[in-house]
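The next block holds one structure in the form of structure tokens; read it before the comments.
The values are calculated or read from the model by the stated rules, or taken from the named source; none is laboratory data. Everything numeric in this text was worked out from a predicted model, so none of it was measured. When we count neighbours, we look across all protein chains shown, and the Cβ atoms used for this are built from the backbone with ideal geometry, even at glycine.
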Amino acid sequence: MKKILILLLMINSFLVLAQRIAPEKPNNLTFSHLIIKKEDNENGKTVYLRKSNNRPLDSEEIFDITETYPNDESDMKGLYIHTSLIKKGLMSKGYKTGLWKTYYKSKLVKTQNWKLGLAIGEYSVYDVKGCELYKTTFGNSGEGKFKDYYYETGALKEEGSYKNGKKEGKWCEYDKDGNVITTIYYESGVSLEK
């Protein structure tokens, strides 16, 4: 009886303390259709702007960017479909900065480091089961081979190279069967396609 009373007292104490813990502050949840993702041809980097005021995303808090696309099959205008892809990381002056994590269906599938929009450091891709599909480092100079995959099947989705943290040379995107969808050539992060 004494043990039961002590156990109940411990559970009660835990519940009281748990109620006093402040809830975690939510991240800046942003849907991709509310963001302008703009290729900056002057410096070869991608800048992220808010559609509402055309200002760069900039915060000391982590952004949760949920990928969305228009629902063309609906009669309702402005209706967007949310994918299961969420990207989390910091923005500075509209550029990705620091460690960015990509989640697909709540599973971590990619980690990549950025420095004001330039790819640097370690880069890893995983499938939905957590198995590593690709790992490399772009080092401090931002140079190396980039590969991304379809996270459920492990099939190659995109590949190209970075030089000085920017896209360089031939970049290919593939469908789920391995067929080339698009090929774009870059020079210092700027697309040479017209």
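Counting just the residues of segment 101-112 that are surrounded by fewer than 21 Cβ atoms within 10 Å (Cβ to Cβ) and not charged (D, E, K, R), which one comes out modelled with the lowest pLDDT? Step by step, filter segment 101-112, then rank; the result is 106.
Taking segment 137-151 as the range and being acidic (Asp, Glu) and more than 13 Å from residue 110 (Cα to Cα) as the test, only 143 passes. Among the residues of segment 82-135, the ones that are charged (D, E, K, R) and within 25 Å of residue 188 (Cα to Cα) come to 8 in all. Among all residues of segment 126-137, there is none that is in a strand (DSSP E or B), under 30 Å from residue 72 (Cβ atoms) and at pLDDT 95 or above. Only residues that are closer than 15 Å to residue 148 by Cα and free of Cβ contacts under 8 Å to residues at least 60 places away in the same chain were counted across segment 163-182, and they come to 13. Within segment 113-123, being in a strand (DSSP E or B) and surrounded by 16 or more Cβ atoms within 10 Å (Cβ to Cβ) holds for 113, 114, 115, 118, 119, 120, 121, 123.
For residue 174, the requirement of being closer than 25 Å to residue 97 by Cα and among the aromatic types (Phe, Trp, Tyr) is not met.
Of 72, 58, 127, all but one fail to be out of contact with any strand residue (DSSP E or B) (no Cβ under 9 Å at 6 or more places or on another chain) and not β-branched (Val, Ile, Thr); the exception is 72.
Would you confirm whether or not segment 140-162 contains a residue that is loosely packed, with under 14 Cβ neighbours inside 10 Å and assigned to a strand (DSSP E or B)? Yes: one or more hits.
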